[in-house]
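For reference, the structure discussed in these notes is given below.
The values are calculated or read from the model by the stated rules, or taken from the named source; none is laboratory data. For clarity, every value in this text was computed on a predicted model and none was experimentally measured. Glycine also receives a Cβ, built like all others from the backbone with ideal geometry; neighbour counts cover every protein chain displayed. For the accessible areas, the whole protein counts, side chains as well, though only heavy atoms, and no ligand, DNA or RNA atoms are used. Shrake-Rupley method; radii C 1.70, N 1.55, O 1.52, S 1.80 Å.
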Amino acid sequence: MEYKPIRAIISGGGTGGHIFPAVSIAHKLKELNPDTEILFVGAQGKMEMEKVPAEGFEIVGLPMVGMQRRLTLKNILNNLTVPFRVLGSIREAKAIVKKFKPDVAVGVGGYASAPLLWAATGMKIPALIQEQNGFAGLTNKLLGGRVQSICVAYEGMDKFFPASKIVLSGNPIRPAVSKVPTPAMKAEALEYYGLHPGKKHLFVVGGSLGSGTLNHAMKHWIQDGCPGGENVEVIWQCGKYYKKETDAFMEAHPDVKGIVHYDFIARMDLAYAAADVVISRSGASTVSELCAMGKATIFVPSPNVAEDHQTHNAMALVRKDAAMLVKDADAIDDLLPTAMGLLASPDRIARLEKNAGNMALRNAAQVICDEIYKLV
């Protein structure tokens, strides 16, 4: 395929799960042809307005907000403004499309994706959406009938989209976490985190902000005397939000050895490499990374996400014996005992690792970019 220079608008954001795939697609387009022009369209005040320029791309913000599900006075007032903001955003999106003159529009989900793709498809610009999750988001479901191509990360998405438009691409992930770790990388990881090579290793990761549920489960296990963990060391990423209280908790338990805790993990590749078992939420990008790294994982889907999509993401692996699942409501009592049981079963770990690796789609950005060029 000839990768001529093109003009592409990429829209969406709101969370890292939307932003990271969008940026990966943009970097791959520039790699295929450095003369390609890319404009991002995000939602004013959302994290993409900072993250995207930090990656070297221009971004324009729309005054778009989403409907809030919790009934508070503030949320009710917000929801009353949504229709007007949507109409205003579509008007602004049309002006952006008219000015930039893209060859193609790409939506990754999130607030800004809907008005931009609605405007672009209405102006006969070919368009593609990328759905990261195993349960399609509302924005992408609404747009499915208007776009020409739909790149998905999981099988069985024809219950949300026209089957003829679906391309199984996977989610674009960072190169550092796209391969199964070598023994040399594992040795480097253990040294980096100050861990003992003769022990088993658990990585508990709650995302950049942390997870209250996973932290409470860890504290409960520690208070019980770390049953089953006599030969286990733990890397515990508690999150920035919980760092102070986790510091105080660990200071109150000075006899506990073999647990290192951090608010943020800069070298996720080494944390994954060190782990025999990972405990994690099941956001789309995280699931894709864990498959690519071939890790035995216990997922604890967050209950606080739209359409419970983290459960759908995790179940796509559980159904193929490529991961385990503990419900959020059961995590405090059951999560660490489940992890200790898995760490004591090398055969089960090996089976989960093999099956997770078999589900990895490591070439997602290239597949999506090839679809973009087909449309152009």
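Towards the positive end of the charge dipole of the chain, with charges on Cβ (+1 Lys, Arg; -1 Asp, Glu), say which of C238, A54, I90 has the farthest Cα.
Value: I90.
What relative contact order, as a whole-number percentage, does the stretch 135-234 give when Cα pairs under 8 Å and 6 or more residues apart are counted?
Reported relative contact order: 19 percent.
What distance in nm separates the two pseudo spin-label positions at E58 and R348, each 7 Å out from Cα along the beta-carbon direction?
5.5
Work out Dmax and Rg for the stretch 147-233 from the C-alpha atoms and quote the Rg first, both in angstrom.
In order Rg, Dmax, the Cα atoms of the stretch 147-233 give 19.9, 56 Å.
With angles folded into 0 to 90 degrees, how steeply does helix 212-223 sit against the dominant principal axis of the chain? Use alpha carbons for both and round to 10.
Once rounded, one gets 0 degrees.
Could you give the length gained on full extension between D334 and R267, defined as 0.36 nm per residue of separation minus the Cα-Cα distance, in nm?
Additional length available on full extension: 21.3 nm.
From Cα pairs below 8 angstrom and at least 6 apart in sequence, can you work out the relative contact order of the chain, rounded to a whole percent?
Relative CO of the chain lands at 16 percent.
From the residues N355, T297, Y373, which one has its Cα farthest along the dipole of the chain in the positive direction, the dipole being from +1 and -1 charges on Cβ of Lys/Arg and Asp/Glu about the Cα centre?
Y373
Per residue, how many Å² of accessible area does the chain show with a 1.4 Å probe?
46
Charges only on Cβ, +1 for Lys and Arg, -1 for Asp and Glu: so what's the dipole of the chain about the Cα centre, in debye to the nearest 20?
1340
Quick one: compute a quarter of the convex hull surface over the Cα atoms of the stretch 279-376 and quote it in nm². Don't skip to the answer; put the middle values down first.
Numbers: hull surface 28.6 nm².
Projected area, direction-averaged: 7.2 nm².
Place the peptides 258-269, 327-338 in order of packing, highest mean first, counting for every residue the other Cβ atoms within 10 Å and averaging per peptide.
Order by mean packing, descending: 327-338, 258-269.
On a 0 to 90° scale, report how tilted helix 364-375 is relative to the longest principal axis of the chain, with both axes built from alpha carbons and the result rounded to the nearest 10.
Helix 364-375 sits at roughly 10 degrees to that axis.
At 10 °C and 1.306 mPa s, grab the translational diffusion coefficient of the chain from Stokes-Einstein with a Kirkwood Rh over Cα pairs, rounded to a whole number in µm² per second.
73
Given a cut-off of under 8 Å on Cα pairs at least six residues apart, what relative contact order in percent is computed for the stretch 146-194?
So the answer I get is 31 percent.
Find how much the distance from A163 to K98 grows on full extension, using 0.36 nm per residue of separation minus their present alpha carbon separation; answer in nm with one decimal. Write out the running numbers ahead of the final one.
Working: separation 65, 0.36 × 65 = 23.40 nm, distance 3.10 nm.
Stretched out fully, the A163 to K98 stretch lengthens by 20.3 nm.
In a Debye calculation with equal point scatterers on the alpha-carbon sites of the stretch 211-330 and no solvent, what is log10 I(q)/I(0) at q = 0.10, 0.17, 0.20, 0.21 Å⁻¹?
-0.32, -0.93, -1.26, -1.36
In the chain, what percent of the accessible surface is made up of carbon and sulfur (1.4 Å probe, ligands and nucleic acids excluded)?
55
Dipole size in debye (nearest 20) for the stretch 304-376 around its Cα centre, Lys and Arg Cβ +1, Asp and Glu Cβ -1?
In total the dipole reaches around 380 debye.
Starting from the Cα-Cα distance between L209 and K240, subtract it from 0.36 nm times their residue separation and give me the gain in nm to one decimal. If you can, show how the numbers build up before the last one.
Working: separation 31, 0.36 × 31 = 11.16 nm, distance 0.54 nm.
The L209-K240 span can extend by a further 10.6 nm.
At most 16 other C-beta atoms within 10 Å and a DSSP loop state: those are the exposed GluC sites (Glu not before Pro) I care about. Give me the longest piece of the chain that has none.
My reading of the result: 231-376 is the longest stretch.
Could you check the simple spin-label distance between K179 and Q366, using points 7 Å along Cα→Cβ, in nm with one decimal?
The two pseudo-label positions are separated by 1.4 nm.
With everything on Cα atoms, drop me the angle between helix 16-32 and the longest principal axis of the chain, reported from 0 to 90° to the nearest 10.
Computed tilt is about 60 degrees.
Can you tally the net charge around Y242? Count Lys and Arg as +1, Asp and Glu as -1, for every other residue whose Cβ sits under 12 Å from the Cβ of Y242. Can you show the working numbers first?
Details: positive: K219, K240, K243, K244; negative: E245, D247, D263.
Residues near Y242 contribute +1 overall.
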